[in-house]
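Read the structure below first, then the notes.
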Amino acid sequence: MNAPDDLRPGRRGPRQGTSVTCGAACLAVARLLRDPDLAASLDTDGGDGPTASTAVGRFGILEARVHRWTNGVRGPGGPQLPWPRFWGTSPWGARSALEHGVAEPGTRYDTVVVRFADGRGLAATHDRLLAAAGPGTPVLLYVGNTWTPRHVALIATPPGADASLLHDPASGAVSRPSREGFVARCVGIAGWDIPWLALVPRP
């Protein structure tokens, strides 16, 4: 597993440990980007096994902790509507996590729904996402099919990077976000094409 603060196009970042923890994995990576000491504590011998003695295993433990945190009756910011973990990570749970520990202290987030936006609205939202995404102000993007959001990806600017990058937790792939694909509703993230909503830091 490559270090989260070493996300670069063409490299592989951390991968989600289960089929339903894409949102939790994104939040975990975002937190590690802001906390180099925590990231260093995961990086040991480069092993790839599932136990707590490897970087992958310890990332999985962190991911599971985040998932419990976002989906419980009491979330990061206090009482919240619970969400079954087998349905992934709710946008409100993810937003609460971003505002209470994942992003820079004091950062507040907007939930921006783009599923029914026209091309102009999609282009403007894409530009806003990239402008807002930083090491301490990550963006979470929910994508899916025609009927429902099905996957979460992370947009952030790792320390030292000169541009925002997209991290897909399903494969660990790191790439430059495609404005053309976003506007055409063909983002191609883990097999899902349609942008549904994004959690975006307020200016």
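For the reader, a short list of remarks on this structure follows.
- Going through (1) out of contact with any helix residue (DSSP H, G or I) (no Cβ under 6 Å at 6 or more places or on another chain); (2) of a type outside the set (Val, Ile, Thr); (3) farther than 19 Å from GLY13 by Cα; (4) touching a residue at least 40 places away in the same chain (Cβ under 8 Å) one by one, ALA173 falls short only on (3).
- Scope the range 55-86; condition more than 16 Å from the chain's Cα centre (by Cα) and of a type in the set (A, V, I, L, M, F, W, C); matching residues: ALA55, VAL56, ILE61, VAL73, LEU81, TRP83, PHE86
- Among the residues of this structure, ALA28 counts as one that is closer than 22 Å to ALA198 by Cα and at pLDDT 75 or above.
- Residues considered: GLY134, GLY121, GLY181. Of these, the only one that is assigned to a loop (DSSP other than H, G, I, E, B) and more than 12 Å from the chain's Cα centre (by Cα) is GLY134.
- Qualifying positions in the range 185-203 - of a type in the set (Gly, Ala, Ser) and either within 16 Å of LEU129 (Cα to Cα) or assigned to a helix (DSSP H, G or I) (or both): ALA198
- Considering each residue of the range 160-172 in turn, at least one proves to be assigned to a loop (DSSP other than H, G, I, E, B), of a type in the set (A, V, I, L, M) and touching a His at 6+ places or on another chain (Cβ under 9 Å).
- Each residue in the range 79-134 was checked for being over 26 Å from SER178 (Cβ atoms), surrounded by fewer than 17 Cβ atoms within 10 Å (Cβ to Cβ) and either of a type in the set (Lys, Arg) or without any contact (Cβ under 8 Å) to a residue 60 or more places away in the chain (or both), and 9 pass.
The values are calculated or read from the model by the stated rules, or taken from the named source; none is laboratory data. Since this is a predicted model, take the numbers as computed values, not measurements. All Cβ positions, glycine included, derive from the backbone under ideal geometry; neighbour counts span all protein chains shown.
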